[in-house]
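Beneath this line is the structure, given in structure tokens, with notes to follow.
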Amino acid sequence: MTDTTKGIERPKPRPSDLSKPFWDAAKNHELHLQRCTKCGTHVFYPRFNCTNCGSRDLEWVRASGRATVYTYTVARRPTHAAFAEKVPYVIAIVELEEGPRMTTNVVGCSPDDVRIGMPVQATFEDLDDEISLVLFELVKE
Ligand code: ZN
């Protein structure tokens, strides 16, 4: 085992006023998205305006956590020195049941098990007391 991660801190998300509801929900192991109160479109990543109709009337709602793999790649070299011991890992874009796509990791399986179109479900990784990541795992048959 190499010690390339020694002294290198993992990069962490820094919630903004806009994204704080997303991170607060993730901390409680729930996936929340914005939804437009005018047209019903779900919006991710957090924004001030609806991506469909432009309305500024967005509310936060709980999402199902169900998604499918839209596309993915396998990182065989770490994308950051702090991830050196995680390789190989799956970087994916999943399409949420509610519509938006989210960049994430598919975890809990071999990268060889991942295919485009596979059903996945949200899972959460607690980094510390403030930040939990929204990741996805394959749906067990
Ligand atoms: Zn709208």
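The criterion of being without any contact (Cβ under 8 Å) to a residue 60 or more places away in the chain, within 17 Å of the chain's Cα centre (by Cα) and closer than 22 Å to Arg35 by Cβ holds for Arg101. The set of residues from the range 108-141 being open to solvent by 50 Å² or more (accessible area, probe 1.4 Å) and within 15 Å of the chain's Cα centre (by Cα) comprises Gly108, Pro119, Gln121, Glu125, Asp126.
Of all residues in the range 47-63, those that are within 21 Å of Leu31 (Cα to Cα) have Cβ atoms under 6 Å from Cβ atoms of residues that are open to solvent by 80 Å² or more (accessible area, probe 1.4 Å) and within 8 Å of the ligand (Cβ to nearest atom), 6 or more apart or on another chain, in Asp57/Lys38.
So which residues in the range 17-45 are within 14 Å of the ligand (Cβ to nearest atom) and surrounded by fewer than 17 Cβ atoms within 10 Å (Cβ to Cβ), if there are any at all?
Keep residues of the range 17-45 that are within 14 Å of the ligand (Cβ to nearest atom), which gives 33-44.
Selection gives Thr37, Lys38, Cys39, Gly40.
Would you be able to say whether some residue in the range 55-62 is open to solvent by 60 Å² or more (accessible area, probe 1.4 Å) and more than 16 Å from the ligand (Cβ to nearest atom)? Within the range 55-62 (the criterion being open to solvent by 60 Å² or more (accessible area, probe 1.4 Å) and more than 16 Å from the ligand (Cβ to nearest atom)), the answer is yes, since at least one residue qualifies. In the set (1) within 25 Å of Asp24 (Cα to Cα); (2) over 13 Å from the mean Cα position of the chain (by Cα); (3) open to solvent by 60 Å² or more (accessible area, probe 1.4 Å); (4) not hydroxyl-bearing (Ser, Thr, Tyr), Arg66 fails one condition alone, (2).
For the range 125-141, filtering for residues that are charged (D, E, K, R) and either in a loop (DSSP other than H, G, I, E, B) or touching a helix residue (DSSP H, G or I) at 6+ places or on another chain (Cβ under 7 Å) (or both) leaves 5.
The values are calculated or read from the model by the stated rules, or taken from the named source; none is laboratory data. Note that the structure is predicted; figures quoted are calculated from it, not measured. We place every Cβ from the backbone using ideal geometry, glycine too, and count neighbours over all the protein chains shown. Protein only, heavy atoms only, side chains kept; ligands, DNA and RNA dropped before computing areas. Shrake-Rupley method; radii C 1.70, N 1.55, O 1.52, S 1.80 Å.
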